[in-house]
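Remarks on the structure that follows.
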Amino acid sequence: MAAWPRRRSGAPVHDPAYGDRALSEGCQDMVMGRWEGARDLLSRQPRDDWDRRSHRIRLLADAAANRRTVDVWHATEPGNPDAAILWAETEVMRLFAAARTGTLPARDSLDRVARLCLQASDLAPEDPHPFVSLVTLGRLYEDGDANMAHWWKELRARDPYHREGHHQALRHLSARWHGSHTTAYNFAWDAAAYAPAGSPLVALPQVARAEEYRHRTETEGRTTIGLTYHWTGERARWDLRQTLEKWIVPRTTAYAQDVADLNHVAHGLVHAGMHREAGAVFDLLDNRATRVPWSYSGDPEHLFTLWRDKSRRD
């Protein structure tokens, strides 16, 4: 993977591939109707790098969702596990796109895609990603689907600290979907507590806090009294200190979605008034920005730049 150019000031850099140039090229191929690039990208990658593999599959599926490229690949190579896994993930994304129009897909459509995920798992039984797709899909079932516990168990049996899988489970347990703010926090705190030092799962409480803020401001308004100490309360600051001590300080391994997680940590730190610590995280980010969670409070590019510069001055 090519090194990210050093660019610590000026306009933030937005790149959904997070500097993975081969992934960017594979996504462009998908949009152009060429599936060979995705096939080569996934086949060249070490089979046990589940973290980077999931990131690549999800971005390739996002690029493929409005095209028939991955469908053609799967029809051409029906026994290829990469094609089956990517096709199943793409079908999950297509159902979410349909749900955004305001109507949840019918249960038989959800069950059909669930079967595609399970068939993909049969072709690659050691790969956790088909169960990441299933945990994601579970949000679209009206009842949250009774199979969620089984899917989660199967995912963790393949990779107990799977970053993307935990993030999808957190969304499922959030108040926006099938849980509550309490269940989401409890899940995030447990995941962070049991994650090994250096794991990005330690940042999961920051994601839960940002999602609670987003949901409550949308449903209650930003002036609600209950949000007065949302970012500055003792529990919020304790979670941030734990993230710094268990992830940022001992961090020696670069994970595929570190840019997204570091943006959540920087966002939490600046809102908690921990500007010196935030400055160190902005240095790690090297001007790489994501829309979420900055967009929850206003214009994401303006806010990222504002807090980046303020944290470095303080």
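The values are calculated or read from the model by the stated rules, or taken from the named source; none is laboratory data. Every value quoted in this text rests on a predicted model; they were computed, and no experiment measured them. Positions of Cβ are generated from backbone atoms using ideal geometry, with glycine treated the same way; all protein chains shown enter the neighbour counts. We work out accessible area using only protein heavy atoms, side chains counted, and drop any ligands, DNA or RNA first. Shrake-Rupley method; radii C 1.70, N 1.55, O 1.52, S 1.80 Å.
Over all directions, the projected convex hull of the C-alpha atoms in the chain averages 15.8 nm² in area. Each Cα pair under 8 Å and six or more residues apart adds its sequence gap; the mean of these over the residue count of the stretch 53-116 is a relative contact order of 32 percent. Relative contact order for the chain: 16 percent, from Cα pairs under 8 Å spaced at least 6 residues apart, divided by residue count. A simple count of charges around Ile248, restricted to other residues whose Cβ falls under 12 Å of its Cβ and scoring Lys, Arg +1 and Asp, Glu -1, yields -2. For the stretch 33-125, a Kirkwood radius taken over Cα pairs fed into Stokes-Einstein (37 °C, viscosity 0.692 mPa s) yields D = 242 µm²/s.
Take the chain with all the other protein chains still there, run a 1.4 Å probe, and you get 45 Å² of accessible area per residue. From the Kirkwood radius over Cα pairs of the stretch 86-153, Stokes-Einstein at 25 °C and 0.890 mPa s returns a whole-number translational diffusion coefficient of 206 µm²/s.
Per residue, the average separation of C-alpha pairs within less than 8 Å and at least 6 apart gives the stretch 226-296 a relative contact order of 36 percent. For the stretch 154-251, the C-alpha radius of gyration sits at 1.11 times the compact-globule guess of 2.2 N^0.38 Å, with N the residue count. Rg to Rh for the stretch 67-213: what is it, with Cα atoms only and Rh by Kirkwood? That ratio is 0.99, to two decimals.
Considering every alpha-carbon pair of the stretch 221-295, the percent of pairs per 10 Å bin, from zero through the bin containing the longest distance, is 18, 51, 26, 5, 0. Counted by Cβ distance under 10 Å from Ser54, the other residues give a net charge of -1, where Lys and Arg count +1 and Asp and Glu count -1. Listed by number, the DSSP H helices of the chain that run 18 Å or longer by alpha-carbon position along their axis and have mean Kyte hydropathy of at least -1.0 are 50-64, 81-99, 107-123, 181-194, 258-271. Over all directions, average the projected area of the Cα convex hull of the stretch 189-314 and note it in nm². Averaging across all directions leaves 7.4 nm² for the Cα convex hull. Taking the protein heavy atoms of the chain in the context of the full set of protein chains, the accessible area attributed to carbon and sulfur is 52 percent at 1.4 Å. Over all directions, the projected convex hull of the C-alpha atoms in the stretch 164-218 averages 3.3 nm² in area.
Where a ≥ b ≥ c are the square roots of the eigenvalues of the C-alpha gyration tensor, would you call the stretch 118-195 rounded, which needs a/c under 1.5, or, failing that, prolate if a/b is larger than b/c, or oblate? In terms of gyration-tensor shape, oblate.
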